[in-house]
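**Student:** Have a look at this one.
The values are calculated or read from the model by the stated rules, or taken from the named source; none is laboratory data. The model shown is predicted, which means the values in this text are computed figures rather than measured ones. Glycine also receives a Cβ, built like all others from the backbone with ideal geometry; neighbour counts cover every protein chain displayed. Surface accessibility is based on the protein's heavy atoms, side chains included, excluding ligands, DNA and RNA. Shrake-Rupley method; radii C 1.70, N 1.55, O 1.52, S 1.80 Å.
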Amino acid sequence: LDPAGDAATYLQLGNGQVLSLSELARLPWRGVRLALLSACETGLPDHDGRGASSLAGALRLAGVQQVMATHWRIADTAAADWVTAFYAGLADTDLRRAHPSATWLAAAQRRWLDAHRGSALEHPHYWAAYTWFD
């Protein structure tokens, strides 16, 4: 997030290209039920409140129904494992008909804690960074 505003705030894509928050908001998001942003600090508000407030906020304003994002820096490997576990936990849900809800996040957090009890990954740093925007 850049204090200069939405045009200066961007995502760096895997191929090295940059997608500004303004460009991101103009993409066709209507009908997207859930966006999961697992990069660092994707749910943090901007510095002065002038922009869309966060990457998550920009997607909500653009039409994404539900967004899950992070509030702090997260470890890449643990984040990849957490997202994999989140989606694996939805395997029993008929995603074509289910409406995404914050209960999905709570259930994933409980499963994570059950799976990692007694290990370093039980620490909230690895699972509590995620929050739900609806």
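**Student:** So, counting K/R as plus one and D/E as minus one, what does the shell of residues with Cβ under 14 Å around GLU122 add up to? Write out the running numbers ahead of the final one.
**Tutor:** On the way: positive: ARG110, ARG111, ARG117; negative: ASP81, ASP114.
So the environment of GLU122 carries a net charge of +1.
**Student:** Let me ask something else. With a probe of 1.4 Å, find how much accessible area region 65-132 has per residue, and write the answer as a whole number in Å². Show your work: numbers first, answer last.
**Tutor:** On the way: 3880 Å² over 68 residues.
Heavy-atom accessible area per residue stands at 57 Å².
**Student:** Evaluate the relative contact order of region 52-134 (contact order divided by residue number), counting alpha-carbon pairs under 8 angstrom at least 6 apart; express in whole percent.
**Tutor:** On the way: 64 pairs, mean separation 41.7, N = 83.
Relative contact order of region 52-134: 50 percent.
**Student:** Sticking with this one: If we count every other residue with Cβ under 12 angstrom of GLY63's Cβ, Lys/Arg +1 and Asp/Glu -1, where does the sum land? Walk me through the intermediate numbers first.
**Tutor:** Working: positive: ARG26, ARG30, ARG33, ARG60; negative: none.
Spelling it out: positives minus negatives among the neighbours equals +4.
**Student:** Here's a follow-up. Contour minus end-to-end for LEU19 and ASP114, with contour as 0.36 nm per residue of separation and end-to-end as the Cα-Cα distance?
**Tutor:** That works out to 30.5 nm of additional length.
**Student:** Heavy atoms only, probe 1.4 angstrom, no DNA, RNA or ligands counted: give me SER119, SER20 ranked by accessible area, highest first. Could the numbers behind the result be given before it?
**Tutor:** Working: SER119 50, SER20 15 Å².
So the residues, ranked largest to smallest area, are SER119, SER20.
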